[in-house]
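Notes follow the structure.
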Ligand SMILES: Nc1ncnc2c1ncn2[C@@H]1O[C@H](COP(=O)(O)OP(=O)(O)OP(=O)(O)O)[C@@H](O)[C@H]1O
Ligand SMILES: [Mg+2]
């Protein structure tokens, strides 16, 4: 079901945590809210779920207005049909797995046999049907999180809100569950909002990523769009672009770095207000000295299996990060190198996104 959020604000006392946020989640769409700790992700979710009273704005789920500050309308949480999965495992340890999943259905007066049938269906979906009769305390972290997911899905919520549900799990399990979650979400056409501060997770799970900074959405786009064209230097850094340099002066297709006697060529003329240039480590080519590009010295060389990560100090320039395919021709620490940065791979960016509506004041 479509979720429409208009000009949403939330203040805790005098502190504005969410500042005039606009977002529409399409029916069956997976939106990932990606942003640094404290930027307002959980707060936004709690407003949708009805666990927090916004200080302004409007929220609709399908055709139902569940919150409207203007009219004072606020549908209580339990009537919103919103499923939520949190970071911590909220399972009842003294109940069995299937009882955990049946519980909310039983609270809604669904008959025992029907509730059990539904519970078994979603447990099969998350791959836990074989553990249905086990005590929930005798599960691994990943299994508990699947129980929590199954329980929220059993209610067939109009929208599923997932707040960093995988962050307590180890790296390997995270990756497996991530793929599974995406599969279930797509197969079932679940309308969902997923919160994370892990960019890999965001890229994997999103139809669209909403970058959140300081209580606002500063960029909204497909994973490909956000990855390829971050809207600001701070977003680029957040998306894992480690080479970000301040621009001193830009003229035509050439930018001079602020703190170094070095110029880089860009594919397009740098726009007004361009404050930084950024380049992904994967787009930096490092070769033995004498090839095209800037001369420099390899300071750090880290073998990563299929690739090698370098830090190369350019003569009279900054130190750049590069990730190159491993294999013959790899350079060692201390060796001289040539570093090439193709104009097409250079991102010319403002430091921050400024064209979102400024609404720093707490809504009355
Ligand atoms: N109950 C509260 N009272 C006062 N301030 C709060 C409360 N809850 C959150 N905040 C503040 O609001 C801001 C947004 O918090 P929120 O929990 O939404 O962040 P988040 O993006 O989910 O961060 P994280 O990634 O760390 O979970 C933070 O600065 C936080 O300190
Ligand atoms: Mg949070």
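A short reminder: the numbers here are calculations on the coordinates, not readings from a lab. Quantities reported herein were computed from a predicted structural model and do not represent experimental measurements. Here the Cβ is made from the backbone with ideal geometry for all residues, glycine too, and neighbour counts use every protein chain on show.
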Subject >> Length added when fully stretched, residue 36-residue 200, from 0.36 nm per residue minus Cα-Cα >> reply: 57.7 nm
Original post:
Relative contact order (percent) for the chain, with alpha-carbon contacts under 8 angstrom and 6 or more residues of separation?
Top reply: 17 percent
Subject >> Inter-label distance for residue 352 and residue 253, nm, one decimal - labels placed 7 Å from Cα along Cα-to-Cβ >> reply: 3.4 nm
Subject >> Helix 141-154 axis, angle to the chain major axis (alpha carbon atoms, nearest 10°) >> reply: 60 degrees
**OP:** Return the tail of the calculated pair distribution for the chain, meaning the percent of Cα-Cα pairs more than 34 Å apart.
**Re:** 41 percent
**OP:** Measure nothing fancy, just the Cα-based angle from helix 171-188's long axis to the longest principal axis of the chain, in degrees from 0 to 90, nearest 10.
**Re:** 60 degrees
Original post:
Taking springs between alpha-carbon atoms closer than 10 angstrom, which of 260, 130, 69 fluctuates most in the Gaussian network model of the chain?
Top reply: 130
**OP:** For residue 22 and residue 70, calculate 0.36 nm times their separation in residues minus their Cα-Cα distance, and state this gained length in nm to one decimal.
**Re:** 15.7 nm
Original post:
Taking neighbour counts of Cβ atoms within 10 Å as a proxy for exposure, in what order, fewest first, do 77, 306 appear?
Top reply: 306, 77
Original post:
Label residue 222 and residue 134 with points 7 Å out from Cα along Cα→Cβ: what is the distance between them in nm?
Top reply: 4.0 nm
Subject >> Computed FRET value (nearest 0.05) for residue 87 with residue 260, which takes r as the C-beta separation and R₀ as 51 Å >> reply: 0.75
Subject >> Rounded tilt (10° steps) of 112-125 against the dominant C-alpha axis of the chain >> reply: 20 degrees
Subject >> For segment 204-330: rounded, prolate or oblate by the Cα gyration tensor [a/c cutoff 1.5] >> reply: oblate
**OP:** Compute the Kirkwood hydrodynamic radius of segment 3-90, taking the inverse of the mean of 1/r over all pairs of distinct Cα atoms, and give it in Å to one decimal.
**Re:** 13.5 Å
Subject >> Residues of segment 243-265 with amide N under 16 Å of a point placed 7 Å along Cα→Cβ from residue 340 >> reply: 265
Subject >> Spacing of the two label points (7 Å from each Cα toward its C-beta) at residue 333 and residue 106, in nm >> reply: 6.1 nm
